[in-house]
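In what follows, a single structure is set out as structure tokens and then discussed.
The values are calculated or read from the model by the stated rules, or taken from the named source; none is laboratory data. Note that the coordinates shown come from a computational prediction; the quantities given were computed from them, not determined experimentally. A quick note on method: Cβ atoms are made from the backbone with ideal geometry, for glycine too, and the neighbour counts reach across all protein chains shown.
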Amino acid sequence: MGKESQHVAPPDPKRRRRATRVVLGVAVVAALGASGTYIATAGAGEVTTPGTLQAEAFAAQSGAKTENTSDTGGGRNVGWLANGDWLEYRDVTIGSATLSARIASDNTEGGSIEARLGGRSGTLLATFPVASTGGWQKWTTVTAKAAKAPAGKQTLVLVMKSRSRSDFVNINHFNVGTAAAPSSAAPSSAAPSSAAPTSAAPTSPSASPGGWVPVDEAAWKETLALHKAVQPKAVPAGIVRVPEFHTNCTVSGESPDDPIVLPNLPGASHLHTFFGPKVTASSTGEQLRKQPTTCDAPGDNSAYWAPTLLLNGKPVKMKNFRAYYGAKIKDPATVVPFPPGLVMVQGDAKRQVATPKGASGQFWCAGSAEIGRSADGNWPRCAAGGNLIYQLTYQDCWDGKHIDSPDHKSHMGPSVNGVCTGKYPVAVPNISMMLGYDSLGGDGLTLSSGMASSIHGDFMNAWDPAKLAALVKVCINADAKCGTTPSFG
């Protein structure tokens, strides 16, 4: 997983694009422990009937966004839902065994919505069928029958199931046979939202405690002091004048975990390949600094990870991994080290679009020429002697205030005319992850997150502050190429 632009549906609704896990719209968002899962209170603006549970009144979710709806009654609907996404509602009283859902779909593959009790893998209550309705705002009501209505208040989780790799359903509301609403769904005092077509852009994520994690000011000041105290070194003649150092890492593990996007939820993610220290769903930067690492730059205990490349469903071995640290801005002397605890996500795990030759975001061939494409056109075929590779580059301007944000991206941003300014005034090292695979590309390849376009990366800073400060001062600030240490030659 640069800063993603807000979603605007393209003219062809069948090509509706995905966005990262961000709760948007009139919901008031509070992140659960800086995860990719959010608590929300429902927005007003829709006409409700007894027993109606508004879809946007979720207490937590994965993969959803909200938008204005053109359905009868107005308000908001939840969309951008694909296989594996889910919505959670708490303290719901289910008063009838006959349930209904108001849905819309412009995906011919369809799917289903599983209603489960207690969690995503909890007891199956009922299943709603989903078929194409002919448009993302062409609404219909589908029903599902439970064996019996459970007694008392329940945690209701709706799990999306589909063979499609794209969004397949929008949900406006459910009827659960009672007027009871989930405890998190407190009405908003905001004025009702007028209905708008599905192409309306959703609103920006709300800043809230937990989602926006403030920097530790004392630790940040200490980091800046360490950097200031480092004495620059004279750059010998013949040294390449590029602001750069690097770290080489080997694989430290593979698991379906993501401590940035889905912290403390082991097994909840797609498969990731990790580099650096051993990573679990509950890893933090502080913990990583105390562990052994597979990276060779002294002081680098940071964790790097990306979705696993699969060949016919089986993981492809990594050939090499290198993270370059540099500067793309005009004046590399303005770069300072990362603040302790900073995390970043680059790319979009939910971007499922074709990547034919010449498209942006390409995997490419290192060490040999591209001699063709896979049958689907999304992967290069490399000549013998080379290998498949991807270069993933992170943002290098920081807001100076937060070490994480609700979407794990919004605290970072691009430079403007080569300068970190405005919302992102602090220049930090630009990380470029080079993912080298023991593969010549071609047919049978997918990422654990889906198509080649879903490539993304995660970074959790666990550098020794003094070691990083020296590398930034001696190499990047001096506009000089180093290796894994603050030295030349």
Can you give me the number of residues within region 303-323 that are in contact with a strand residue (DSSP E or B) (Cβ under 6 Å, 6 or more places away or on another chain), assigned to a loop (DSSP other than H, G, I, E, B) and either modelled with pLDDT under 95 or under 17 Å from D458 (Cα atoms) (or both)? 1
Hand me the list of strands (runs of 3 or more DSSP E) wholly inside region 413-467 holding 2 or more residues that are modelled with pLDDT of 95 or more and either of a type in the set (K, R) or closer than 24 Å to P263 by Cα (or both). 430-437, 456-460
Within the bounds of region 337-348, is there any residue that is modelled with pLDDT under 95, in contact with a strand residue (DSSP E or B) (Cβ under 8 Å, 6 or more places away or on another chain) and outside any strand (DSSP E or B)? yes
Given the residues A375, A478, A384, A470, which is the only one that is assigned to a loop (DSSP other than H, G, I, E, B) and either touching a Pro at 6+ places or on another chain (Cβ under 8 Å) or among the acidic types (D, E) (or both)? A478
Determine whether A104 is among the aliphatic types (A, V, I, L, M), part of a loop (DSSP other than H, G, I, E, B) and at pLDDT 90 or above. no
Does region 311-322 contain at least one residue that is under 30 Å from D216 (Cβ atoms), β-branched (V, I, T) and in contact with a Ser or Thr (Cβ under 8 Å, 6 or more places away or on another chain)? no
Residue within region 298-307 that is touching a helix residue (DSSP H, G or I) at 6+ places or on another chain (Cβ under 8 Å) and of a type in the set (D, E) present: yes
Output the residue which, of all residues in region 204-233 that are hydrophobic (A, V, I, L, M, F, W, C) and at pLDDT below 95, is surrounded by the fewest Cβ atoms within 10 Å (Cβ to Cβ). A207
Answer yes or no: is there a residue in region 395-402 that is buried (at least 22 other Cβ atoms within 10 Å of the Cβ), of a type outside the set (S, T, N, Q) and over 22 Å from N248 (Cα atoms). yes
Restricting to region 454-468, name every residue that is over 23 Å from the mean Cα position of the chain (by Cα) and surrounded by fewer than 24 Cβ atoms within 10 Å (Cβ to Cβ). D464, P465, A466, K467
If we ask which residues in region 272-283 are at pLDDT 95 or above and either in a loop (DSSP other than H, G, I, E, B) or not hydrophobic (A, V, I, L, M, F, W, C) (or both), their number turns out to be 8
Scan region 106-153 residue by residue and report those that are among the small types (G, A, S), exposed (fewer than 14 other Cβ atoms within 10 Å of the Cβ) and under 14 Å from V169 (Cβ atoms). G134
Does G358 satisfy the criteria of being out of contact with any Leu (no Cβ under 8 Å at 6 or more places or on another chain), assigned by TED's automatic domain parsing to the domain that holds R289 and surrounded by fewer than 23 Cβ atoms within 10 Å (Cβ to Cβ)? yes
